[in-house]
Amino acid sequence: MANLYQSLELIKPEIALSIALIVLVTCDLIFHKDKKFIPYIALGGLLITGIFLLANSSVSGFAFIQTDLMGKIGLVAVDSFGTFFKLLVIITSILIVFFSFSSEEIQKITDRIGEYYALLLGMILGMFFLISATDLILIYLSLELMSLSSYVLAGFTKLRDRNSEAALKYLIYGSVSSGLMLFGISLLYGLTGSTNLYVINMMLQSPNANMFTLAFANILILAGIGYKISAAPFHFWTPDVYEGAPITITAYLSVASKAAGFALLIRFIKTTFVSFVDSTGNWQLIQVFDWKSVLIALSILTMTLGNFSAIWQNNIKRMLAFSSIAHAGYLMLGLVVFSNGGLLAILVYFVIYLLMNLGAFLVAMLIANKTGFEDINDYNGLGHTSPFLGIAMVIFLVSLVGLPPTAGFIGKLYLFIALVDAKMLAVAVIALLNSVVSLYYYVRVIKHMYLTAPEKETQAVKPNLHDTILVTVLVIPTLLFGIYFQPLVNWAKNSLEILGLM
Amino acid sequence: MIGFPILSLITFLPVLGMILILFIPKEQPKTVKYLSLAITGVQVVLAIILLANYNYNLAGVFEEKSFQFIEKFTWINITGLTWLGTVKIDYFLGIDGISMPMVLLTAIISFIACISSWTITKSVKGYFALFLLLDTGMMGVFVALDFFLFYIFWEIMLLPMYFLIGIWGGPRKEYAAIKFFIYTLFGSIFILLVMIGLYFSTTETLADGSKILTFNMLAMMNPANSTADGILSILNPNNLRFIAYIALFAGFAIKIPMFPFHTWLPDAHVEAPTPISVILAGVLLKMGTYGILRFNYPIFPEITRDLMWWIGMFGMVNIIYGALVALAQKDFKKLIAYSSVSHMGYVLLGMASLTTTGINGAIFQMFNHGTITAMLFLIVGVIYDRAHTRGLYDFGGLASQMPVYTGFVTVAFFAAIGLPGMSGFISEALVFVGAFGVETTRVLAIISTLGILLGAGYMLWTFQRIFFGPLNEKWAAMTDVDKRELSMLIPLSVIIIFLGVYPSGVLDIMNTSVNTLVNLVVNGL
């Protein structure tokens, strides 16, 4: 029993989230007349979870101990790395709740608003466990919890044909990839006799595994995770789903679900395939599978494909979808160096990505709310009629390109520092050339907002106080972290601990 | 020396002005214009204060204690990364004889360009806000002594420039603006990579004796600060210094613009509004050559020595090619743009000689090209404002119609040709003397003299087409230059003629530093 108490102590944020979910569903059932306060329950639940997370930030340990293997190993690892990603998810979720307040699409469905937030909380719970899971079964379960909620959310508004098409596509692609992943998991279990990542790590260190089967299993699992982080060639669902889903959910998928996917990928590889971390912070991989080459190839493919496809997009959501694919490619670069420096770069990049990507989606949503435009060609002249949103959008887009003095530059800088430190110059050059390509499509939006003269009078988009504050909350750190990034890096620096065997 | 942080003030004053402008109501464009004028005016005053307090005997270049007006504070300090060590970035400003003329030039050209912007009527607030942001970026590039800080200033200029060309430019502005943006970003990614490589190859000793990696560009110049295994460290036998040199050079060469990276320039110039052309030619192009002198030369002296013929060769190609293409132009502004390419070639040729005379000539040529070409673009602006065309064959006989204007054009054209008595003559002469005196660049210098001939050819031919012959009746009502235009043309003419007869005014500022730089490159530290 002591074990159980200890475990529950460690997963307080998850418990808070579950309670919030139950309260929300119950309230939704009882008060089916007036549902105005439902979002506030979700918001309260998220805030309390966030407080528990912060209180837990210095705690680390295993919950639900399974085996005793040179120390007690459990199902759930609570460490600073996990807490970092959970905080990112919580911050994104809170912002998305505020996004939903100002989203016309979401406000139209007041009668089903309870389900919307219930699904959102369910998805967050899935992501939380995914970030911490160190057992293949738990990984699969939490992945499914997260995915199933997101399938429904993607098609939630049902107002447009695109919407249900998006949800269906998402579901079909998702089930295939999770099927593949499950197959990979079963192979890995067959090879090593365990589902616990630490035990698998021990088994792989003794060189008697069938290399071919192992490679096959790894690639299948990578396909499942690659789907979540929308890495090429598993990205095909992304543009359609991002275009079809309500903007709030698109923004959410592009940040939170990607964060959870990345946390899973990093933890999976670090826990399963790294034998030790040397004094210079480099991760020594067990020589059973060439993760480095596979990930380099995937990341270059992902960013190049994302960037070059984004050039041709006219719909802002599709464009941002491809841009988020490209950013997944950049983020993977932080992993391929297999060092603490690379991990630091990923963490720094993710915070910045959260700010700038959500910001760009928010401005796109506010414009679509007012004018109904999602086509970039309809943005002509908007910068002049709506100066505040125009300037904010310029800042977010410039940050997405990665130009100083915005935060996006710092994110890229840390990635390239990690790459140059690992002497992977060719990869760095390819990534940098990619960011030149990305300049073209991001600036295209700016071009339409400012340079191209509108054919008819452009409708001015005047955000109300709530929206203005929301945009400002995202703009200020995007600029501030560009010139003073010390607090950000310090936070990331203290969040590098991934619980290992030693 | 001076009781206040003068370099920070001269750099960030425009940003302050930009913030103030954002609070001025849209209905008061006059206030916006006068505020910008005041800000750039104060900048000129500050630049003069700098010059008055400048010690001509201190060299700078690689030695922190002989830089002047230094401001150095810790900006970013991240400790406790066991595997990366402390990450520390300084806010580090200072000037020496190489940057002082450039600071002066930036202040003057910004002020003139601000007067020239008076005719802007479309979203005045936005224009001047961006203009001032650009001003900060330019000033910052010349005063930064930390590579990281330098890079930030270098990149800050891109976006304002994109908008200034793209919103207030001519018919093909969108194309020209994005071309400028992509070209320069392409160049700066190489600078970024070299910056990171140098970071991992250079250490700096802190007050407590510990060594940390650094972005300090003065530390990068001293081989004693090299790490043992940095990829750009001179101590590492497998270093990539040669590739890094080429990458860095290419990054700066795009800005100069050096053949074959020059194709963005004519587009940008033709489409940009007059004041932006003035800034572009007057200051922005200088950043390329300044960057080479500030980074390539002292950080990689051994490679510079090996490549001096190549640098001179590219200089020669720029001179001849630019002049030949200029000869073929039918558009006045495009002609000036290509003459710019040609004139920047002299800078490269002078730099390639690796002699004090040659590099003095090169930096002086940077300054002179800044003032002369600024004036030439203003001259184009004057007739374009009146006639709304720049076709060289659309005019004729304007000499009698606009006598005062013709007088100023004569000054500017003769200065551009390099007539004795004008500043351009001195700098080009120095460049040729420098390049001729060294065996490596002698042949290049001889061929390059052809450029002077071609220059005289296209300039005089242009003069003839516009000012002589029968007056085109269409322009019978054209008025001569007004007071505002005089207020820009007179100071520039005065500078050009004054430096033509008294070149020491600028040469003395740079002489000590250039000597030190040449000594560093030729003999090592």
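The values are calculated or read from the model by the stated rules, or taken from the named source; none is laboratory data. Everything quoted here is computed from the prediction, not taken from an experiment. Cβ sites come from the backbone with ideal geometry, for glycine too, and all protein chains shown count toward neighbours. Remember, those area values only see protein heavy atoms, side chains included, never the ligands or the DNA or RNA. Shrake-Rupley method; radii C 1.70, N 1.55, O 1.52, S 1.80 Å.
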Does region B:167-179 hold any residues that are of a type in the set (G, A, S), within 10 Å of chain A (Cβ to nearest Cβ) and open to solvent by 10 Å² or more (accessible area, probe 1.4 Å), and which are they?
B:G169
Condition check for B:L164: more than 9 Å from chain A (Cβ to nearest Cβ), in contact with a helix residue (DSSP H, G or I) (Cβ under 9 Å, 6 or more places away or on another chain), surrounded by fewer than 24 Cβ atoms within 10 Å (Cβ to Cβ) and closer than 25 Å to B:S277 by Cβ
no
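Results for (1) among the polar types (S, T, N, Q); (2) within 14 Å of chain A (Cβ to nearest Cβ); (3) buried (at least 20 other Cβ atoms within 10 Å of the Cβ); (4) over 19 Å from the mean Cα position of the chain (by Cα), shown as yes or no for each residue.
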residue	(1), (2), (3), (4)
B:L232	no, yes, yes, yes
B:L235	no, no, no, yes
B:N239	yes, yes, no, yes
B:Y245	no, no, yes, yes
B:F252	no, no, yes, no
B:P257	no, no, yes, no
B:D267	no, no, yes, no
B:P275	no, no, yes, no
A:T472 fails exactly one of the following numbered conditions: (1) touching a Pro at 6+ places or on another chain (Cβ under 7 Å); (2) modelled with pLDDT of 90 or more. What is the number of that condition?
(1)
Taking only region A:310-334 into account, find how many residues are away from chain B (no Cβ under 14 Å), outside any helix (DSSP H, G or I) and among the hydrophobic types (A, V, I, L, M, F, W, C).
1
Expected output for region A:385-411 (first residue over 22 Å from A:I325 (Cα atoms) and within 13 Å of chain B (Cβ to nearest Cβ), partner surrounded by fewer than 23 Cβ atoms within 10 Å (Cβ to Cβ) and hydroxyl-bearing (S, T, Y), Cβ below 6 Å, 6+ apart or cross-chain) is A:T385/A:T458
Quick one: would you say A:G359 is without any contact (Cβ under 8 Å) to a residue 60 or more places away in the chain and buried (at least 20 other Cβ atoms within 10 Å of the Cβ)?
no
Within region A:335-345, which residues are buried (at least 24 other Cβ atoms within 10 Å of the Cβ) and more than 14 Å from chain B (Cβ to nearest Cβ)?
A:L335
Would you point out which residue out of B:T227, B:T214, B:T205 is open to solvent by 30 Å² or more (accessible area, probe 1.4 Å), polar (S, T, N, Q), touching a strand residue (DSSP E or B) at 6+ places or on another chain (Cβ under 8 Å) and more than 30 Å from B:I120 (Cβ to Cβ)?
B:T205
Within the bounds of region A:469-485, is there any residue that is out of contact with any strand residue (DSSP E or B) (no Cβ under 6 Å at 6 or more places or on another chain), more than 13 Å from every other protein chain (Cβ to nearest Cβ) and not in a helix (DSSP H, G or I)?
no
Based on this model, can you work out whether B:V382 counts as over 29 Å from B:L307 (Cβ atoms) and not aromatic (F, W, Y)?
yes
Looking at this structure, is A:Y450 in a helix (DSSP H, G or I), open to solvent by 40 Å² or more (accessible area, probe 1.4 Å), within 14 Å of chain B (Cβ to nearest Cβ) and not acidic (D, E)?
no
Are any residues in region B:412-425 open to solvent by 30 Å² or more (accessible area, probe 1.4 Å) and outside any loop (DSSP other than H, G, I, E, B), and if so, which ones?
B:F414, B:F425
Residue that is open to solvent by 10 Å² or more (accessible area, probe 1.4 Å), under 22 Å from the mean Cα position of the chain (by Cα) and more than 30 Å from B:E485 (Cβ to Cβ), where the choices are B:I191, B:I182:
B:I182
Can you confirm whether B:I490 is more than 29 Å from B:G315 (Cα to Cα) and part of a helix (DSSP H, G or I)?
yes
Considering residues that are in contact with a Ser or Thr (Cβ under 7 Å, 6 or more places away or on another chain) and within 30 Å of A:I498 (Cα to Cα), the number found within region A:92-119 is 2
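Inspect region B:33-40 for any residue being among the hydroxyl-bearing types (S, T, Y), part of a loop (DSSP other than H, G, I, E, B) and either open to solvent by 20 Å² or more (accessible area, probe 1.4 Å) or closer than 30 Å to B:G524 by Cβ (or both) and give the result as yes or no.
no
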The residue from A:L171, A:L141, A:L148, A:L191 that alone is touching a Phe, Trp or Tyr at 6+ places or on another chain (Cβ under 7 Å), open to solvent by 40 Å² or more (accessible area, probe 1.4 Å), free of Cβ contacts under 8 Å to residues at least 40 places away in the same chain and assigned to a helix (DSSP H, G or I) is A:L171
Is there a residue being out of contact with any helix residue (DSSP H, G or I) (no Cβ under 7 Å at 6 or more places or on another chain) and either buried (at least 24 other Cβ atoms within 10 Å of the Cβ) or at positive phi (or both) anywhere in region A:386-396?
yes
Entirely in region B:146-239, the helices (runs of 4 or more DSSP H) that have 2 or more residues that are among the hydroxyl-bearing types (S, T, Y)
B:173-199
Which residue is nearest to B:P25 (Cα to Cα), if the candidates are limited to region B:96-146 and must be within 16 Å of the chain's Cα centre (by Cα) and either among the basic types (K, R) or open to solvent by 10 Å² or more (accessible area, probe 1.4 Å) (or both)?
B:F111
Restricting attention to region A:416-447, the residues that are under 12 Å from A:L333 (Cα atoms), more than 10 Å from every other protein chain (Cβ to nearest Cβ) and in contact with a Leu (Cβ under 9 Å, 6 or more places away or on another chain) number exactly 2
Need a quick list: helices (runs of 4 or more DSSP H) entirely within region A:223-306 having at least 2 residues that are more than 26 Å from A:F128 (Cβ to Cβ) and either within 14 Å of chain B (Cβ to nearest Cβ) or open to solvent by 10 Å² or more (accessible area, probe 1.4 Å) (or both).
A:237-244
Single match in B:K72, B:K122 (criterion: over 26 Å from B:I48 (Cβ atoms) and touching a residue at least 12 places away in the same chain (Cβ under 8 Å)):
B:K122
So, in region B:449-477, of the ones that are over 26 Å from the mean Cα position of the chain (by Cα) and open to solvent by less than 20 Å² (accessible area, probe 1.4 Å), which residue ends up nearest to B:R390 (Cα to Cα)?
B:I466
